[in-house]
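These notes are about the structure you will find just below.
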Amino acid sequence: MSILIKPIITEKANDLSELHNRFTFRVDKGANKIEIKEAVEKTYGVSVKNVNTMVYPVKRSTKNTKRGVVIGKIGAYKKAVIELADGDSIDFYSNI
């Protein structure tokens, strides 16, 4: 479970899963596509057809407030979009 950090559940990710059978995960920055594919297949018991990865850079922001200048930072992360084979699906909401 060290390669797959968490699933990304947003409106856009839900549309991808419903329409195109693609699921989105936040993954370890050092993982490659083959390792991500094996981790998803092992964890969820599905067959992966395709893996796309994106690396997001660090985002820095500066805000002027009553207290003074506030500097914030959002760390860099890697996102993977996994396309499953026809007939396979992942249910993130089964435990709720």
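The values are calculated or read from the model by the stated rules, or taken from the named source; none is laboratory data. The structure presented is a predicted model; accordingly, all values stated were derived computationally and were not measured. Cβ sites come from the backbone with ideal geometry, for glycine too, and all protein chains shown count toward neighbours.
Does G45 satisfy the condition of being touching a Lys or Arg at 6+ places or on another chain (Cβ under 9 Å) and not charged (D, E, K, R)? I'd like the intermediate steps shown before the answer.
Numbers: touching a Lys or Arg at 6+ places or on another chain (Cβ under 9 Å): no; not charged (D, E, K, R): yes.
No.
For segment 16-33, how many residues are part of a helix (DSSP H, G or I) and at pLDDT 95 or above?
Qualifying residue count, segment 16-33: 1.
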**Message:** Being among the aliphatic types (A, V, I, L, M) and either at pLDDT below 95 or loosely packed, with under 15 Cβ neighbours inside 10 Å (or both) is true for just one of I96, I36. Which residue is that?
**Reply:** I96
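If we only count strands (runs of 3 or more DSSP E) wholly inside segment 34-96, which ones have 1 or more residues that are at positive phi, aromatic (F, W, Y) and touching a residue at least 24 places away in the same chain (Cβ under 8 Å)?
Details: elements: 48-56, 59-65, 68-74, 77-84.
Strands (runs of 3 or more DSSP E) meeting the threshold: none at all.
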**Request:** Search segment 20-35 for residues being within 13 Å of L84 (Cβ to Cβ) and among the hydrophobic types (A, V, I, L, M, F, W, C), and hand back the single one that is farthest from the chain's Cα centre (by Cα).
**Result:** F23
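Tally time: how many residues in segment 58-68 are loosely packed, with under 10 Cβ neighbours inside 10 Å and touching a strand residue (DSSP E or B) at 6+ places or on another chain (Cβ under 6 Å)?
So the first thing to find is which residues in segment 58-68 are loosely packed, with under 10 Cβ neighbours inside 10 Å, and the list is 58, 60-62, 64-68.
Adding the requirement that they be touching a strand residue (DSSP E or B) at 6+ places or on another chain (Cβ under 6 Å) leaves 60-62.
Residues that pass the stated criteria total 3.
Could you please find all residues in segment 56-90 being under 24 Å from I3 (Cβ atoms) and over 15 Å from the mean Cα position of the chain (by Cα)?
Restricting attention to segment 56-90, the residues satisfying the condition of being under 24 Å from I3 (Cβ atoms) are 56-59, 74-85, 88-90.
Listed by number, the residues that qualify are V58, K59, I74, A85, D88, S89.
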